[in-house]
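Okay, so here's the structure we're looking at.
All of the numbers you see were taken from the coordinates with simple rules; none came from a lab. The shown structure was predicted, so the numbers you read here are calculated from the model rather than taken from an experiment. Reconstructed Cβ throughout: ideal geometry from the backbone, glycine too, with neighbour counts over all protein chains shown.
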Amino acid sequence: MEASLPHELSEPLVEQLVHAFYARVRADAALGPIFEARLAGRWDAHLGKMVDFWSSIALKSGRYVGQPHVAHQSLGLAPEHFERWLGLFEETVATVCTGPAAAFFIDRAHRIADSLQIGLNIGPKALQIPTTSPIPA
C-alpha cells in the first residue's frame, strides 16, 4: 500500500470507494450478472444510493433511505455470493485507503454481510426450522 492513500473517513473517500467497488462488481463473473439483471439502466441511481448508504454508515450523514434486506430478498443469493462480495470489497479497500478508514470499512462490510444473510436466513447463522413439531400433540 502506498503511504499517500487516505486513512481518514471523508465524503470523497466514500464516493471513491463505492465507485471503485461497484466497477469490480460489474466486471465480476459471479456478481456482475446478478447486479446487472436488477440494475440495467439504473447504475447511476444505484451508485448514488450506495454513496448515501456508506456516507450514512461512515460519516453519520443520515442521507440513506432504503430497506437493504427487502432489496436483496428476491436475488437468489447464497453465502458464496457474500464471500465474493466481501473479497471484492476488501480488495477495493486495499487500493483506496489505509489505516483506520480501511479497518472501519472492512469491519462494517462484514457486519452488513452478516446482517443481510441473517435477514435472508442463509449462511452459518440461518435458522434451522424443524419440519415436524418437537412438542407432542
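Hey, among the residues in the range 80-98 that are of a type in the set (S, T, N, Q) and in a helix (DSSP H, G or I), which one's surrounded by the most Cβ atoms within 10 Å (Cβ to Cβ)? Among those that are of a type in the set (S, T, N, Q) and in a helix (DSSP H, G or I), it is 92.
For the range 7-40, filtering for residues that are under 17 Å from residue 71 (Cβ atoms) and in a loop (DSSP other than H, G, I, E, B) leaves 2. The residue pairs whose first member lies in the range 23-47 and is among the aromatic types (Phe, Trp, Tyr), whose second member is in a helix (DSSP H, G or I), and whose beta carbons are closer than 7 Å, counting only pairs six or more residues apart or on different chains, are 35/25; 35/26.
Considering only residues in the range 8-19 that are surrounded by 16 or more Cβ atoms within 10 Å (Cβ to Cβ) and in contact (Cβ under 8 Å) with a residue 60 or more places away in the chain, the one that is nearest to the chain's Cα centre (by Cα) turns out to be 17. Only one of the listed residues (42, 84, 38) is among the basic types (Lys, Arg) and in contact with a helix residue (DSSP H, G or I) (Cβ under 8 Å, 6 or more places away or on another chain). That residue is 38.
Within the range 44-70, the set of residues being of a type in the set (D, E, K, R) and part of a helix (DSSP H, G or I) comprises 44, 49, 52.
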